[in-house]
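The values are calculated or read from the model by the stated rules, or taken from the named source; none is laboratory data. Remember, predicted model here, so these are calculated numbers, not experimental data. When we count neighbours, we look across all protein chains shown, and the Cβ atoms used for this are built from the backbone with ideal geometry, even at glycine.
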């Protein structure tokens, strides 16, 4: 493929976080993964991602990742952003690029920030090099990177099930609610969260996330649960206290996102918070 007409372009995007509304762990699969069900909802808490052609890039390192903001742990060469580039590079033999990532979404928080960065890298490179891949093809590339990545291609509310790879768009709008997100200092480990969680054993339709997500938000507190909370809160006392405190502040719904450790609250109007838990606030917005 020839890229002469497009390599002077650079692409800047804003990979956003998601929250889980309800998360049920159904059972453990024969492949070692778990069957789950949950709803992903996108929020406006973002990283900043810039993809541009690196005219001086070495053939041995076609994708150079430069990260700033919150420290990105692990080997940058194995980061999901680099792996997203490599997935497309295998098909198109892309020119060398340099990718700048300003990390704002905390890791170990259940917000899908790394998965979003990877998905937006796929979308950014698709635009940068005019690859003309539709969302179905981009989702196939995203699925190879991680179970959450596919969601961020279309980035619309969705019901996820199975291992989390399978998703169905849902008609859901939390517009008008005030959203507040809190991140305690505790860093959650997904593998440990699964290890200590208790699966439900079977999916019961009248108790399912898919059933209750269609009901008035005032009913969610009593029926929409994150099954990771019991195991994560046993070692993350701040998380449990933040959730209880949010309800005392007037939240209509509060929960942990993903396998933690972030906690969010939904309010009818912007609240006037009282108490020391305010120090953990990392993002707020009208949805």
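Screening residue 173 on (1) part of a loop (DSSP other than H, G, I, E, B); (2) under 22 Å from the mean Cα position of the chain (by Cα); (3) surrounded by fewer than 18 Cβ atoms within 10 Å (Cβ to Cβ); (4) in contact (Cβ under 8 Å) with a residue 24 or more places away in the chain shows it passes everything except condition (4). The selection criterion, being crowded, with 17+ Cβ neighbours inside 10 Å and either more than 20 Å from the chain's Cα centre (by Cα) or part of a helix (DSSP H, G or I) (or both), holds for residue 240. Picking from residues in the stretch 212-230 that are over 16 Å from residue 27 (Cα atoms) and in contact with a helix residue (DSSP H, G or I) (Cβ under 6 Å, 6 or more places away or on another chain), the one that is surrounded by the fewest Cβ atoms within 10 Å (Cβ to Cβ) is 223. For the stretch 182-206, the tally of residues that are closer than 18 Å to residue 40 by Cα and either over 22 Å from the mean Cα position of the chain (by Cα) or in the same structural domain as residue 45 (by TED's automatic domain parsing) (or both) stands at 0.
For the stretch 119-132, the criterion of a residue being in a loop (DSSP other than H, G, I, E, B) and either without any contact (Cβ under 8 Å) to a residue 40 or more places away in the chain or closer than 26 Å to residue 31 by Cβ (or both) is satisfied by at least one position.
Give me the pairs, please: first residue somewhere in the stretch 188-199 and free of Cβ contacts under 8 Å to residues at least 60 places away in the same chain, second residue anywhere and surrounded by 13 or more Cβ atoms within 10 Å (Cβ to Cβ), beta-carbon distance under 7 Å, and either six or more positions apart or on two chains. Qualifying pairs under 7 Å: 196/231.
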